[in-house]
1. Of these, 109, 125, 195, 148, which one is out of contact with any helix residue (DSSP H, G or I) (no Cβ under 7 Å at 6 or more places or on another chain) and in contact (Cβ under 8 Å) with a residue 60 or more places away in the chain?
2. Quick one: residue 46 ticks every box in (1) touching a helix residue (DSSP H, G or I) at 6+ places or on another chain (Cβ under 8 Å); (2) at pLDDT below 95 bar one, so which box is it?
3. I'm trying to understand the selection: among the residues of region 55-74, which are touching a residue at least 60 places away in the same chain (Cβ under 8 Å), surrounded by fewer than 17 Cβ atoms within 10 Å (Cβ to Cβ) and in a helix (DSSP H, G or I)?
4. Give all pairs with beta carbons closer than 9 Å in which a residue from region 75-102 that is on the phi > 0 side of the Ramachandran plot and free of Cβ contacts under 8 Å to residues at least 60 places away in the same chain meets a residue that is surrounded by 15 or more Cβ atoms within 10 Å (Cβ to Cβ) and part of a strand (DSSP E or B); count only pairs at least 6 apart in sequence or on separate chains.
5. Within region 85-99, can you find the residues that are surrounded by fewer than 21 Cβ atoms within 10 Å (Cβ to Cβ) and within 16 Å of the chain's Cα centre (by Cα)?
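The values are calculated or read from the model by the stated rules, or taken from the named source; none is laboratory data. Every value quoted in this text rests on a predicted model; they were computed, and no experiment measured them. Cβ: placed from backbone, ideal geometry, glycine included. Neighbour counts: every protein chain shown.
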């Protein structure tokens with residue numbers, strides 16, 4: 001009888017490990033003209049921002065979207081605090097697909113910093129982020145809470161990280177621009193849940 005309970009105990013431990021493995025972070029595949037980018041979404045750490053992004057993905061609201069802006073060391077002459085990112089989302093033609101803005105989740109609350117490959121929400125004032133996102137090229141601490149890129153010091157709401165496809169991110173970052181706007185824009189062919 002003791003052997004039965006021991007086997008049952010091992011079985012239960014195995015089941016709990018399998019169930020825990022199923023609770024991994026969701027992943028999203030961004031297919032672009034210049035290659036694929038896989039993003040791990042930190043749904044538990046940034047629930048408001050992650051849920052918003054996943055809703056856009058789940059409802060195919062990024063269909064016909066694009067990467068339209070890149071910020072490099074050479075194209076921000078009027079900024080004392082410089083950053084490097086690629087920015088995308090809805091194109092001008094698809095802005096009707098925007099959902100209501102969301103509450104701002106700062107990096108001091110989520111712990112998700114703007115390291116190389118971090119994905120974050122573009123915004124003007126806190127609480128205005130909706131559909132537009134950017135991916136960091138290199139570490140960008142000035143985009144975190146307390147950073148000086150935005151005068152309000154609230155930083156931006158990071159919610160995940162590139163886990164595959166930084167080659168495509170860097171390729172987009174190196175494309176020709178008119179000021180900070182890509183010329184031509186890089187089409188987003190599809191954004192889908194991959195896990």
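1. Values: 109 fails: in contact (Cβ under 8 Å) with a residue 60 or more places away in the chain; 125 fails: in contact (Cβ under 8 Å) with a residue 60 or more places away in the chain; 148 fails: out of contact with any helix residue (DSSP H, G or I) (no Cβ under 7 Å at 6 or more places or on another chain).
Among 109, 125, 195, 148, only 195 is out of contact with any helix residue (DSSP H, G or I) (no Cβ under 7 Å at 6 or more places or on another chain) and in contact (Cβ under 8 Å) with a residue 60 or more places away in the chain.
2. Failing condition for residue 46: (2).
3. Answer for region 55-74, where residues must be touching a residue at least 60 places away in the same chain (Cβ under 8 Å), surrounded by fewer than 17 Cβ atoms within 10 Å (Cβ to Cβ) and in a helix (DSSP H, G or I): just 58.
4. Matching pairs, first to second residue: 89/66; 89/67; 89/68; 89/133; 89/134; 89/188.
5. Residues of region 85-99 that are surrounded by fewer than 21 Cβ atoms within 10 Å (Cβ to Cβ), as a first pass: 87, 91-99.
87, the sole residue that qualifies.
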